[in-house]
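Report on one structure; see the data block that follows.
The values are calculated or read from the model by the stated rules, or taken from the named source; none is laboratory data. Since the structure is predicted, the reported quantities are computational estimates derived from the model, not experimental observations. Don't worry about glycine lacking a Cβ; one is built from the backbone with ideal geometry, like all the others, and counts go over all protein chains shown.
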Amino acid sequence: MTTIRVAVPRKGRPLYAVLRRLRETRTDWVLPERIIETLDREKAITKGTIDDDRSVYDRLAAHSNATDRTAPEYTLCRDARDGLPRRIVFDSVTISMDGFDLQLIGREEPFRALRKHEFALGFDSADLVLEEVVTLDSKPLRDVNAINGRIDPHDTDVRVVNGLGDTVYHTLLGTTETVGAQSLTRSFVEEYDGALCIDPRYERLVRAVLGTTAMQSVEFCYPAQGTDEERAIANTGLGVYLTVSGSTARENGLTIGEQLFPSETVLLENGSERTSHHECAVKLFSSTETVISPTV
């Protein structure tokens, strides 16, 4: 049977989006949610919000099942929290589908694994594509569908196939003192002269989604260590941050402005590695209406 290998993140929202998309293909299938529950519990243990007297190695052994080839496998990584604790994260799972085996393989940075031609297919955040390969232009990049047009074919063979819809938005936020009665949009930023508070890892992304013209009179600043992004933006007067409901932003006295770009999990392909065998996996992840039942 053909095995189709797909790179996925080891933890976090993009991995959960992939697992839940698989869950949508069969309503009585519980394996994806079990993986999510395991990872959520391990994250809570690492954060110290729940206790477990077992060592991380004992817990890893308890999660393993060497005799069952369909059981998910986990591994350890260093967490960035104080003390750099070891954390249990996703490693791999093989799922027997109708006509092929789908093997999800965890990677720290799936997009980069595709760029190095280790996989034909993979999932990662659209943010990472913007941060690494899209061409900066005077015109803003507004949605996922426009990403491929901004990728230099000489830079990478990787392209975006589609998004999974787990969308939160990079959004303009500002104080009333800064914005006044004006609409908080890209046009406002074009006329603005001053500081714009962002997470430093998103500097290139913000330049892409606002456009280089709007950046001409803007100076980036970043939250001080230990300061929440919304509070830092409120102190600055204007900023860009990922928002879900906007409630925390409002609590900090911020006006919620234009949604600049969706932070969404995307299916990626390396065209030089993709073969006809990968079509089934692409079809599976490209439509919530696709129903391909696992055989186990």
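Cβ-Cβ under 8 Å, sequence separation 6+ or interchain: first residue in segment 69-85 and over 28 Å from Gln103 (Cβ atoms) and in the same structural domain as Thr49 (by TED's automatic domain parsing), partner among the small types (Gly, Ala, Ser) and exposed (fewer than 13 other Cβ atoms within 10 Å of the Cβ). Which pairs?
Between residues of segment 69-85 that are over 28 Å from Gln103 (Cβ atoms) and in the same structural domain as Thr49 (by TED's automatic domain parsing) and residues that are among the small types (Gly, Ala, Ser) and exposed (fewer than 13 other Cβ atoms within 10 Å of the Cβ), there is no close pair.
Does segment 202-213 contain at least one residue that is out of contact with any strand residue (DSSP E or B) (no Cβ under 6 Å at 6 or more places or on another chain), modelled with pLDDT under 90 and over 15 Å from Gln259 (Cβ atoms)?
no
For Leu60, state whether it is touching a Pro at 6+ places or on another chain (Cβ under 6 Å), among the aliphatic types (A, V, I, L, M) and at pLDDT 90 or above.
no
Could you check Leu238 against (1) surrounded by 17 or more Cβ atoms within 10 Å (Cβ to Cβ); (2) under 21 Å from the mean Cα position of the chain (by Cα) and say which number it fails?
(2)
Taking the conditions exactly as written (surrounded by fewer than 21 Cβ atoms within 10 Å (Cβ to Cβ) and among the basic types (Lys, Arg)), does Arg87 satisfy them or not?
no
Working carefully through the options Glu269, Glu219, find the one that is part of a strand (DSSP E or B), assigned by TED's automatic domain parsing to the domain that holds Gly122 and not β-branched (Val, Ile, Thr).
Glu269
Restricting attention to segment 72-86, does a residue exist that is in a loop (DSSP other than H, G, I, E, B), among the hydroxyl-bearing types (Ser, Thr, Tyr) and closer than 25 Å to Ala17 by Cβ?
no
Let me spell it out: the conditions are (1) at pLDDT below 90; (2) closer than 26 Å to Ser125 by Cβ; (3) among the polar types (S, T, N, Q); (4) touching a helix residue (DSSP H, G or I) at 6+ places or on another chain (Cβ under 8 Å), and Thr38 meets all of them except one. Which number is the exception?
Condition not satisfied by Thr38: (1).
Which pairs have Cβ atoms under 8 Å, sit 6 or more apart or on different chains, and link a residue in segment 44-68 that is free of Cβ contacts under 8 Å to residues at least 60 places away in the same chain to one that is of a type in the set (Ser, Thr, Tyr)?
Leu60/Tyr74; Leu60/Thr75; His63/Thr38; His63/Tyr74; Ser64/Tyr74
For segment 69-83, which positions are within 19 Å of the chain's Cα centre (by Cα) and of a type in the set (Asp, Glu)?
Asp79 - this is the single residue of segment 69-83 that is within 19 Å of the chain's Cα centre (by Cα) and of a type in the set (Asp, Glu).
Just for segment 84-113: of the residues that are more than 20 Å from the chain's Cα centre (by Cα) and under 17 Å from Arg59 (Cβ atoms), which one is modelled with the lowest pLDDT?
Within segment 84-113, the match that is modelled with the lowest pLDDT is Pro85.
Which pairs do you get when a residue that is farther than 11 Å from Ala120 by Cα, found in segment 273-284, comes within reach of a residue that is part of a helix (DSSP H, G or I) and at pLDDT 85 or above, reach meaning Cβ atoms under 9 angstrom, with the pair 6+ apart or on two chains?
Leu284/Arg21; Leu284/Leu22
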